[in-house]
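The values are calculated or read from the model by the stated rules, or taken from the named source; none is laboratory data. Keep in mind that this is a model prediction, so the values were computed, not measured. Here Cβ is always computed from backbone atoms with ideal geometry, including for glycine, and neighbour counts include all displayed protein chains. All accessible areas refer to the heavy atoms of the entire protein, side chains included, with ligands and DNA or RNA removed. Shrake-Rupley method; radii C 1.70, N 1.55, O 1.52, S 1.80 Å.
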Amino acid sequence: MDEQGLRGRLTEYSGRIQPSGIRALEFMASRSKDLITFGPGRPDDRCFPVDRIQEAYASIFGTPATAADALQYAPTEGSLALRSWLVRREQALGRRCELDNVLITSGSQQAIHLITRLLAEPGRDILVQAPTYSGALQIFQANGANVRRLDARPDPSSRPAFIYAMADFQNPTGACLTLKDRQALVERARQLDTILVEDNAYETLRFDGDPLPSLMDVDGGSPDDGRTVYLGSFSKCAAPGLRLGWVVGPRALVARLALIKQTEDLQASTLSQNVMAHLADFVFGQHVDALRQSYRMRRDLTLDALEKHVGNKARWERPAGGFFVWLQLAEDIDSTALLSKAIEAGVAYVPGASFFPDGSGSNTLRLSYSTVEPGRLEEGIARLGALL
Ligand SMILES: Cc1ncc(COP(=O)(O)O)c(C=O)c1O
């Protein structure tokens, strides 16, 4: 059956799903030789803990009982081993957390989707930072939500379904909220009597300075104390191919999310969860230390190259962690229109407009330094500088 044959058969939901601009960029980039791409927000292939993953698999398949356990169905909420590990981690961070506060998801992308299905009827408002993570915008728009900017004038007649925010090394800007901004955001959620969804996918990748309290910490400190739902991901610190993320939140809400998850995929992969339970201590210890060094070096090379080759042709801030630098160009430069020329010139980025709910931001762009070979970073930025 071709596209024509599908006409009149599809749900409204499927019709609202917009293809991801970043995936389209990956396609263009794959056809271009000698391209230096600052496009995808992926971890570096060379940073995967391959040996440890191999050891975990060997151990799991080393006895019939552990092999059977990994190949069997597991509870929707997640395997006991991995949830217990997360509970211990939360407790070590000083939060009162029990198994009922934790749900393992198939990546944090699924967690954003589950929360949207749980809380946002079509037509309801969701408040977001502008710019924000384009993968979340795709979900909100597919579900028919009204996506509104947190910095826009509030609509007093509306109680939003939730606020979606990143406090650390935000995708796409790399920025962190100040303590005052965190307090203001929690206060805003309280005033609006709405849920606060804190997406902290890059939490472990801090290069400079001390961590600030998470939104959950500001909002009472423990998952049952406040209105914050915390989303974590194993993708950036371990490997996205395992497809694992987690939710920590009020137990009543987590139980509802689990019910929705059951209708979607029953559970996250048992095998991935058991592998992750083996790896977790190593990943969140030695491995993230090595990751921080590697990504910090790339961040520094990128910033030096920007000073040297872009200078006053753009403005940017120094990210304290994560994968991204955000560029503000002159008002009259449209980064979407410029992209094909950039690819011809051998450099790719993600146009900033894809991160705004209202189509603004045409003179902005996101650079991700995470996958560019360190020896090629300066050349890539030099190509961009020449183009600007
Ligand atoms: C801010 C943010 N949230 C969530 C995700 C989804 O991550 P995953 O589903 O791999 O855990 C990403 C991926 O890039 C992201 O940048």
Worksheet, complete the sentence: Expressed in angstrom and rounded, the centroid-to-centroid distance over alpha carbons for region 200-248 and region 5-84 is 19 Å
Discussion item. Can you tell me which of GLY107, GLY123, GLY135 moves the most in a GNM of the chain? Springs connect C-alpha atoms under 10 Å apart.
Written reply: GLY123
Worksheet, complete the sentence: Rh_Kirkwood(region 194-235) over Cα pairs, Å, one decimal, evaluates to 11.2 Å
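Could you work out [θ]222 nm for the chain from helices alone, using -39500 (n - 2.57) per DSSP H run of at least four and dividing by all its residues? Round to the nearest 500 deg cm²/dmol. Write out the running numbers ahead of the final one.
Values: 15 runs with 164 residues, N = 388.
Only helices count here, giving -13000 deg cm²/dmol.
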Worksheet item: Which residue, GLN183, GLN18, GLN141, has the most motion in a Gaussian network model of the chain that connects Cα atoms within less than 10 Å?
Response: GLN18
Worksheet item: How large are Rg and Dmax for region 170-308 when only the alpha carbon atoms are used, in Å?
Response: 17.3, 53
Worksheet item: Each label point is 7 Å from the Cα along the Cα-to-Cβ direction; what then is the distance between the points at ASP181 and ASP51, in nm?
Response: 3.9 nm
Item to complete: Quick one: give the max-minus-min coordinate of the C-alpha atoms of region 50-284 along each principal axis, largest first, in Å.
Response: 60, 41, 30
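What percentage of the solvent-accessible surface of the chain, computed with a 1.4 Å probe over protein heavy atoms, is contributed by carbon and sulfur atoms? Before the final figure, lay out the partial values.
Values: 8950 of 17710 Å².
The computed percentage sits at 51.
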Worksheet item: If you stretched the chain out fully between ASP208 and ARG296, how much longer would it get, using 0.36 nm times the residue separation minus the C-alpha to C-alpha distance?
Response: 30.8 nm
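Using Cα pairs closer than 8 Å and at least 6 residues apart in sequence, work out the relative contact order for the chain, in percent. Let's see the in-between values first.
Values: 711 pairs, mean separation 93.0, N = 388.
Here the relative contact order equals 24 percent.
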Worksheet, complete the sentence: With Rg from the Cα atoms and Rh as the Kirkwood inverse mean 1/r over Cα pairs, region 18-118 has an Rg/Rh of 1.07
Worksheet item: Do any chymotrypsin sites (Phe, Trp or Tyr not before Pro) in region 32-93 lie in a loop, going by DSSP, with at most 10 other beta-carbon atoms within 10 Å of their beta carbon, and if so which?
Response: TYR73
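Would you mind working out the magnitude of the charge dipole of the chain relative to its Cα centre, with +1 at each Lys and Arg C-beta and -1 at each Asp and Glu C-beta, to the nearest 20 Debye? Intermediate values should be presented prior to the final figure.
Numbers: 43 positive and 47 negative charges, 58 e Å.
Using only the charged Cβ atoms, the result is roughly 280 debye.
Note the full-extension length gain between GLN286 and ARG315 as 0.36 nm times their separation in residues minus their Cα-Cα distance, in nm to one decimal. Each step should come with its number before you reach the end.
Working: separation 29, 0.36 × 29 = 10.44 nm, distance 3.46 nm.
Using 0.36 nm per residue and subtracting the Cα-Cα distance, I get 7.0 nm.
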Worksheet entry | Residue-wise HN-Hα coupling along region 334-345, computed from phi with Karplus coefficients 6.51, -1.76, 1.60 (Hz; x: Gly, Pro) | 9, 5, 5, 5, 7, 4, 5, 5, 4, 5, 4, 7
Item to complete: Grab the Cα-Cα distance for GLN141 and LEU118, subtract it from 0.36 nm times how many residues apart they are, and report the gain in nm with one decimal.
Response: 6.8 nm
Worksheet item: When the chain is treated as a GNM, springs tying every alpha-carbon pair under 10 Å, which of SER222, SER84, SER214 comes out with the largest mean-square fluctuation?
Response: SER84
Discussion item. Using a 7 Å offset from the Cα along the Cα-to-Cβ direction at both ASP151 and MET28, what is the distance between the two label points in nm, to one decimal?
Written reply: 2.5 nm
